[in-house]
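Reviewing the structure listed below.
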Amino acid sequence: MLGFSASMIESRLGRDHYLVKVWRLSDWDCFAVILKDVYARRAPVGGVVSYDPPKMFRAMILQA
């Protein structure tokens with residue numbers, strides 16, 4: 001099931017847009033389990049809150 005933001009993006013871009021296809025390719029929640037062990041910093045450093053690791057992983061995939 002798509003979340004609110006994903007369904008909004010799909011409704012604006014259409015089902016055939018490459019970003020929607022990439023989103024539907026995988027269960028992105030399974031990466032959260034893997035990435036939480038790799039990126040274990042939980043507390044902010046210097047007042048800066050870290051980005052969500054699964055979101056950063058998706059951004060890296062899109063940049064590739």
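The values are calculated or read from the model by the stated rules, or taken from the named source; none is laboratory data. This is a predicted model, so every value here is computed, not measured. Heads up, the Cβs are rebuilt from the backbone with ideal geometry, glycines too, and the neighbour counts pull from every protein chain shown.
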For the structure I just gave you, tell me whether S5 is of a type in the set (S, T, N, Q), at pLDDT below 80 and assigned to a helix (DSSP H, G or I). yes
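Among the residues of region 23-38, what is the count of those that are in a helix (DSSP H, G or I) and within 13 Å of F57 (Cα to Cα)? Reasoning before the result, please.
Pass one, region 23-38, residues in a helix (DSSP H, G or I): 23-25, 29-38.
Filter once more, keeping what is within 13 Å of F57 (Cα to Cα): 23, 29-36, 38.
Residues flagged as in a helix (DSSP H, G or I) and within 13 Å of F57 (Cα to Cα) within region 23-38 amount to 10.
Scan region 8-22 residue by residue and report those that are farther than 19 Å from Q63 by Cβ and in a helix (DSSP H, G or I). Explain how you work it out, then say what you get.
Here is the first cut: in region 8-22, the ones farther than 19 Å from Q63 by Cβ are 8, 10-12, 14-16.
Answer for region 8-22, where residues must be farther than 19 Å from Q63 by Cβ and in a helix (DSSP H, G or I): M8, E10, S11, R12.
Which residues, taken from region 15-41, are small (G, A, S) and surrounded by 10 or more Cβ atoms within 10 Å (Cβ to Cβ)?
Filtering region 15-41 down to residues small (G, A, S) leaves 26, 32, 40.
Of everything in region 15-41, those that are small (G, A, S) and surrounded by 10 or more Cβ atoms within 10 Å (Cβ to Cβ) turn out to be S26, A32.
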